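See below for the structure under consideration.
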Amino acid sequence: KAGVTQTPRYLIKTRGQQVTLSCSPISGHRSVSWYQQTPGQGLQFLFEYFSETQRNKGNFPGRFSGRQFSNSRSEMNVSTLELGDSALYLCASSFLAGETQYFGPGTRLLVL
Amino acid sequence: GDSVTQMEGPVTLSEEAFLTINCTYTATGYPSLFWYVQYPGEGLQLLLKATKADDKGSNKGFEATYRKETTSFHLEKGSVQVSDSAVYFCALSEQSNYQLIWGAGTKLIIKP
């Protein structure tokens with residue numbers, strides 16, 4: 001069974017631009033969560049989607065948004081990029097919310 | 001709110017030494033507890049988990065026991081190898097809010 005895939009793996013953007021990251025969950029998994037990992041703040045929860053509905057959101061500004069499609073694939077979008085948005089963005093999927101989450105390799109975003 | 005505290009690293013050991021990485025938690029409900037491992041340049045891999053008090057999770061020689069009385073989930077391994085060098089994260093999940101709460105991570109360095 002294929003694992004969680006994330007595209008792209010690496011991304012370089014400049015301040016003020018916007019970016020869209022994609023995540024394909026493990027087949028059959030309906031819950032997708034996004035996390036941001038930085039050296040200073042560690043791992044922080046962004047949001048969780050289940051059946052195309054956002055059910056929980058972390059403490060991030062409105063520039064961070066996401067969505068989930070009917071096939072459970074998910075995208076997250078960051079608008080008006082800031083230098084501090086440079087991070088590894090991790091996507092995780094689980095069959096149901098609250099169950100074990102399985103992570104993708106992440107997308108490393110560098111904002112210049 | 002919920003939180004996870006784990007011992008600061010880096011932890012440096014010689015090959016075949018005994019490993020303990022301490023993890024304690026604060027939670028309002030009855031969370032599931034996890035250890036994830038992150039190898040350099042990679043995403044997070046689930047190492048082991050426990051879903052209720054006194055459960056023992058184990059995998060690849062690593063073990064951790066869910067201790068409700070001490071709110072702890074310490075990671076142990078009897079004989080570490082160089083290949084165990086990585087960053088280890090303790091995390092908890094409550095079914096009520098669909099997110100993982102993370103410790104800061106402990107970097108483990110094993111010297112031959």
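The values are calculated or read from the model by the stated rules, or taken from the named source; none is laboratory data. A quick note: this is a predicted structure, and the numbers were derived from the prediction, not measured. Cβ: placed from backbone, ideal geometry, glycine included. Neighbour counts: every protein chain shown. Side chains are part of the model used for accessible areas, which takes the heavy atoms of the whole protein and leaves out ligands, DNA and RNA. Shrake-Rupley method; radii C 1.70, N 1.55, O 1.52, S 1.80 Å.
On the protein heavy atoms, probe 1.4 angstrom, tell me the percent of accessible surface of segment B:59-112 carried by carbon and sulfur. Whole-percent figure for carbon plus sulfur exposure: 49. Taking Lys and Arg as +1 and Asp and Glu as -1, the other residues whose beta-carbon sits under 9 Å from that of B:Thr65 total -2. If R0 equals 41 Å, the separation of the Cβ atoms of A:Glu52 and B:Lys56 corresponds to a calculated FRET efficiency of about 0.65.
Accessible surface computed residue by residue for the protein assembly as shown, with neighbouring protein chains in place and a 1.4 Å probe, gives 47 Å² per residue. Rg and Dmax over the alpha-carbon atoms of the protein assembly as shown stand at 17.5, 50 Å. For the protein assembly as shown, the Cβ-based charge dipole about the Cα centre amounts to some 560 debye (Lys, Arg positive; Asp, Glu negative; other atoms uncharged). Give, to the nearest whole percent, the P(r) tail of segment A:10-112 beyond 17 angstrom, counting all Cα pairs. In whole percent, the long-distance tail amounts to 48. Charging the Cβ of each Asp and Glu at -1 and of each Lys and Arg at +1, and nothing else, the dipole of segment B:1-72 about its Cα centre rounds to 260 debye. Its Cα centre serving as origin, chain A has a Cβ charge dipole (Lys and Arg +1, Asp and Glu -1) of approximately 160 debye.
Translational diffusion coefficient of chain B (Stokes-Einstein, Kirkwood radius from Cα pairs, 25 °C, 0.890 mPa s): 175 µm²/s. Only protein heavy atoms count here, probed at 1.4 Å, and on that basis chains B and A bury about 1500 Å² of accessible area in total. Counting only protein heavy atoms and using a 1.4 Å probe, the accessible area of B:Tyr98 comes to about 60 Å². Expressed as a whole percent, the accessible surface of segment A:1-68 that belongs to carbon and sulfur atoms is 47, based on a 1.4 Å probe. For segment B:66-107, the spherically averaged projection of the C-alpha convex hull amounts to 4.2 nm².
Extension gain for A:Thr80 to A:Phe60 (0.36 nm times residue separation, less C-alpha to C-alpha distance): 5.8 nm.
Solvent-accessible area of A:Glu99, all protein chains in place: 80 Å² (probe radius 1.4 Å, heavy atoms, ligands and nucleic acids excluded). Scalar couplings 3J(HN,Hα) for segment A:100-112, obtained by applying the Karplus form with A = 6.51, B = -1.76, C = 1.60 to θ = phi - 60°, are 4, 9, 10, 9, x, x, x, 10, 8, 9, 10, 10, 9 Hz; x denotes Gly and Pro.
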